[in-house]
1. Which of (1) within 11 Å of the ligand (Cβ to nearest atom); (2) over 30 Å from ALA63 (Cα atoms); (3) crowded, with 20+ Cβ neighbours inside 10 Å does LEU216 not meet, given it meets every other one?
2. If GLY299 satisfies every condition in (1) without any contact (Cβ under 8 Å) to a residue 24 or more places away in the chain; (2) exposed (fewer than 13 other Cβ atoms within 10 Å of the Cβ); (3) of a type outside the set (Val, Ile, Thr) but one, which is the exception?
3. From the residues in region 187-211 that are within 7 Å of the ligand (Cβ to nearest atom) and out of contact with any Asp or Glu (no Cβ under 7 Å at 6 or more places or on another chain), which one is farthest from HIS177 (Cα to Cα)?
4. Could you look through region 219-231, keep only residues that are farther than 20 Å from ARG142 by Cα and aliphatic (A, V, I, L, M), and pick out the one that is farthest from the ligand (Cβ to nearest atom)?
5. Examine region 155-162 for a residue that is over 22 Å from the mean Cα position of the chain (by Cα) and either closer than 18 Å to TRP58 by Cβ or aliphatic (A, V, I, L, M) (or both), and state whether such a residue exists.
6. If we scan region 99-111, do we find a residue that is surrounded by fewer than 17 Cβ atoms within 10 Å (Cβ to Cβ), polar (S, T, N, Q) and touching a residue at least 60 places away in the same chain (Cβ under 8 Å)?
7. Would you confirm whether or not region 85-93 contains a residue that is assigned to a helix (DSSP H, G or I) and either more than 25 Å from PHE315 (Cβ to Cβ) or not assigned by TED's automatic domain parsing to the domain that holds ASP222 (or both)?
8. Kindly indicate the residue of region 221-271 that is part of a helix (DSSP H, G or I) and free of Cβ contacts under 8 Å to residues at least 24 places away in the same chain and also nearest to VAL121 (Cα to Cα) among those meeting that condition.
Amino acid sequence: MTNARRSGGGRLGAAALSGALACAAAGAASAQTEADFRSCLAGLQRAAKAAGVSASTWREHTAGLQPDMGVVARLDDQPEFRVPIWDYLAALVDDERVADGRRMLAEHRETLAGVARRFGVDAETVVAVWGVESDYGRSFGRTPLVQSLGTLSCFGRRQAFFRGELFAALRIVQGGHLQAQQLVGSWAGAFGHTQFMPSTYERLAVDFDGDGRRDLVSTIPDALASTAHFLQKAGWRSAEPWGFEARLPAGFDLRGEGRRTKRPLSEWTSRGLRRADGSPLASGGLVPATPAGLLAPAGPQGPAFLVLRNFDALFSYNAAESYGLAIAHLSDRLRGGGEFATPWPTDDPGLSRAERRELQTLLIARGHDIGEVDGRLGERSRAAIRAEQQRLGHDANGRAGRRLLQALRAG
Ligand code: CA
């Protein structure tokens with residue numbers, strides 16, 4: 001999801017992940033809530049007009065609009081910050097997504113080469129964003145944007161930001177760029193293959209196939225080019241990688257380090273860091289003066305990364321370091337790279353989507369009614385997980401990890 005935090009101060013999730021990890025809250029609104037919503041919308045009409053939304057557009061799309069209070073509940077419940085990073089990455093960068101991504105690289109080779117020539121962003125990075133944001137177009141989200149943005153314009157803690165996005169969405173429809181029914185997306189208002197917010201669409205969407213329309217919903221070349229354009233504007237350097245995994249010396253003090261604390265590679269070298277494969281930091285086209293920040297999202301025992309300017313560009317797409325790492329790691333896997341050299345410091349690793357589906361199948365076999373096997377762990381799957389954890393004497397936290405999967409396989 002593009003750029004939501006910078007504009008608004010919160011963190012919003014990718015549709016692919018929201019689908020996989022988030023549980024939908026009930027959206028029913030009380031009569032009082034509906035009355036509040038009507039009166040809020042009436043009060044917004046003047047601002048909408050000032051923002052270029054005609055009275056007839058406003059009427060057409062807000063008359064009869066119902067608030068969806070589920071999206072307000074999700075505003076404070078972002079998976080990037082709620083789940084352990086090893087769970088987050090296990091679902092987003094699994095073998096399936098790598099294999100699917102390689103197919104997409106082949107299928108869209110010419111488009112991606114053209115995108116790289118025009119915007120200077122390589123194919124693997126663009127495809128990685130696509131894979132994480134919408135599972136390569138399979139998962140756009142199902143929330144009508146005008147409804148979710150209308151609701152968030154009137155309830156919750158970031159109304160001014162979402163009003164701007166609501167007006168942008170209505171301008172897009174009014175201008176005939178996309179139809180309102182095409183504007184469905186993740187709950188927070190991002191839509192299409194690479195989950196642009198409406199205001200980002202207005203600023204950066206590109207008509208790459210040359211049909212005169214900037215269509216990020218049904219035209220893959222437009223969506224891929226727009227993503228590359230976003231990254232280019234965010235400062236992408238075509239000659240540099242996002243960064244790389246590094247090995248810390250024993251006893252390294254992480255305090256004060258982070259993405260923003262950039263130091264030249266020469267300084268990291270003198271402090272004892274090496275690349276994970278043991279090679280020097282300033283290699284592969286990087287020079288000793290190249291600035292890099294140090295990320296160690298699970299502390300000194302877990303994998304560490306030196307991140308360059310391009311990681312900041314990925315970060316600006318969705319304002320979460322875990323998100324940036326997912327894109328970065330997937331892009332490396334698409335280039336043929338392997339898992340991180342240092343494993344996450346846990347004895348209960350996260351599950352891939354295939355393992356999540358296996359877990360769901362095992363839960364059903366034990367008599368739990370969790371709905372269909374889809375790899376998405378919703379409320380019913382979590383309730384079943386808690387019940388099984390309780391039976392097995394595990395911590396009944398509802399988390400799907402390797403330990404539970406193995407116990408159910410054995411049982
Ligand atoms: Ca087009």
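The values are calculated or read from the model by the stated rules, or taken from the named source; none is laboratory data. Predicted model only: the values in this text are computed from it and were never measured. Using ideal geometry, Cβ is built from the backbone for each residue, glycine included, and neighbour counts are taken over all protein chains shown.
1. In the conditions (1) within 11 Å of the ligand (Cβ to nearest atom); (2) over 30 Å from ALA63 (Cα atoms); (3) crowded, with 20+ Cβ neighbours inside 10 Å, LEU216 misses (2) alone.
2. Going through the list (1) without any contact (Cβ under 8 Å) to a residue 24 or more places away in the chain; (2) exposed (fewer than 13 other Cβ atoms within 10 Å of the Cβ); (3) of a type outside the set (Val, Ile, Thr), GLY299 breaks only (1).
3. First, the residues of region 187-211 that are within 7 Å of the ligand (Cβ to nearest atom): 207-211.
Cutting the leftovers down to out of contact with any Asp or Glu (no Cβ under 7 Å at 6 or more places or on another chain) gives us 210-211.
On the way: GLY210: 14, ASP211: 12 Å.
Per the criteria, the residue is GLY210.
4. Just the residues of region 219-231 that are farther than 20 Å from ARG142 by Cα, to begin with: 221-222, 224-231.
Those still in the list that are aliphatic (A, V, I, L, M) too: 224-225, 228, 231.
Values: LEU224: 11, ALA225: 9, ALA228: 15, LEU231: 19 Å.
Ranking the qualifying residues of region 219-231, first place goes to LEU231.
5. Taking region 155-162 and keeping what is over 22 Å from the mean Cα position of the chain (by Cα), we get 155, 160.
Pick out the ones that are also either closer than 18 Å to TRP58 by Cβ or aliphatic (A, V, I, L, M) (or both) and you get 160.
Scanning region 155-162 turns up at least one residue that is over 22 Å from the mean Cα position of the chain (by Cα) and either closer than 18 Å to TRP58 by Cβ or aliphatic (A, V, I, L, M) (or both).
6. No, region 99-111 contains no residue that is surrounded by fewer than 17 Cβ atoms within 10 Å (Cβ to Cβ), polar (S, T, N, Q) and touching a residue at least 60 places away in the same chain (Cβ under 8 Å).
7. We begin by selecting, within region 85-93, every residue assigned to a helix (DSSP H, G or I); these are 85-92.
This time we only want the ones that are either more than 25 Å from PHE315 (Cβ to Cβ) or not assigned by TED's automatic domain parsing to the domain that holds ASP222 (or both), so: none.
Within region 85-93 (the criterion being assigned to a helix (DSSP H, G or I) and either more than 25 Å from PHE315 (Cβ to Cβ) or not assigned by TED's automatic domain parsing to the domain that holds ASP222 (or both)), the answer is no, since none of the residues qualifies.
8. Start the filter on region 221-271 by keeping residues that are part of a helix (DSSP H, G or I), which leaves 221-233, 265-270.
Narrowing further to those that are free of Cβ contacts under 8 Å to residues at least 24 places away in the same chain: 222, 266-267, 269-270.
Values: ASP222: 15, SER266: 26, GLU267: 28, THR269: 28, SER270: 31 Å.
Per the criteria, the residue is ASP222.
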